[in-house]
Amino acid sequence: MDASLETRVGTCETHGEYESKAVKILGRIMHWSGCPTCCQIEREEREAKKAAEEAAERQKRLESRMNQAGIPLRFRGKTFDSYIADTDGKERARAAAMEFAANFKTHRRNGTFMVFSGKPGTGKSHLAISIAQEIMAGGTALYMSAIDAVRMIRDTWRRDSEKTERQVLDELASIDLLILDEVGVQYGTEAEQVSLFDIIDKRYRDLMPTILLTNLNAKGMKEFLGDRSYDRLRENGQWITFDWESQRKRVPG
């Protein structure tokens, strides 16, 4: 093939003169190159637009996963880095949470239970959701209140329910990490309380990691769960005490 590279001086209204190049094939000029500075700007703009679109798509997928995981809007910006560990106790709690997330494959095999115990506002949800967001990069996680979990079971008792109680229990047991908040509050009936025990027991038997958030201390949790369930938590669990005052800002007055 008879081909050669030709050059000439081009002029850009914005950037002035530049060297324009073209391939000449069989005596015919195929295309003269444009201003390299303009081309660079156009390329950078295309790359920036593509990066923005990809970031928007990642954000959309992230929000979708968070919606599916039941993570409240208030907590979606919570991470290990944003957790203020300004005491030794808080640092130990964060370190335990980070270890759980970093070694989740091992905890998944062992079906580890964790209990975060402390007053409201001490950072239990913050660290639990930080764990969940790490897990969601490669697995499934669900954050919900214990009351909502019980309601899922209770809804199956209706005649028009599309799911059976067993199906709901199986769904809750299939999630890689289940986080149950507000464990230990009062329920309407003993049957509803038993439903919570069934969820915990099912995940314990299936070796599925579970995090329980509670305002109860060890004595109160034992009384609430009963000796059998409490002993199971002790057998294959970690108890993290959040024994400091609420970190939430209070409105004066």
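The values are calculated or read from the model by the stated rules, or taken from the named source; none is laboratory data. A quick note: this is a predicted structure, and the numbers were derived from the prediction, not measured. Cβ: placed from backbone, ideal geometry, glycine included. Neighbour counts: every protein chain shown.
For the reader, a short list of remarks on this structure follows.
- The set of residues from region 1-49 being among the small types (Gly, Ala, Ser) and touching a Phe, Trp or Tyr at 6+ places or on another chain (Cβ under 7 Å) comprises 10, 20, 22.
- Restricting 124, 90, 119 to residues that are more than 23 Å from residue 234 (Cβ to Cβ) and either surrounded by fewer than 18 Cβ atoms within 10 Å (Cβ to Cβ) or not aliphatic (A, V, I, L, M) (or both) narrows the list to 90.
- If you go through region 208-220 and pick out every residue that is over 17 Å from residue 150 (Cβ atoms), among the aliphatic types (A, V, I, L, M) and over 21 Å from the mean Cα position of the chain (by Cα), you end up with 1.
- Residue count, region 157-210 (criterion: under 17 Å from residue 232 (Cα atoms) and without any contact (Cβ under 8 Å) to a residue 40 or more places away in the chain): 9
- Which listed residue is at pLDDT below 85 and either closer than 21 Å to residue 131 by Cβ or surrounded by fewer than 16 Cβ atoms within 10 Å (Cβ to Cβ) (or both), from 233, 213: 233
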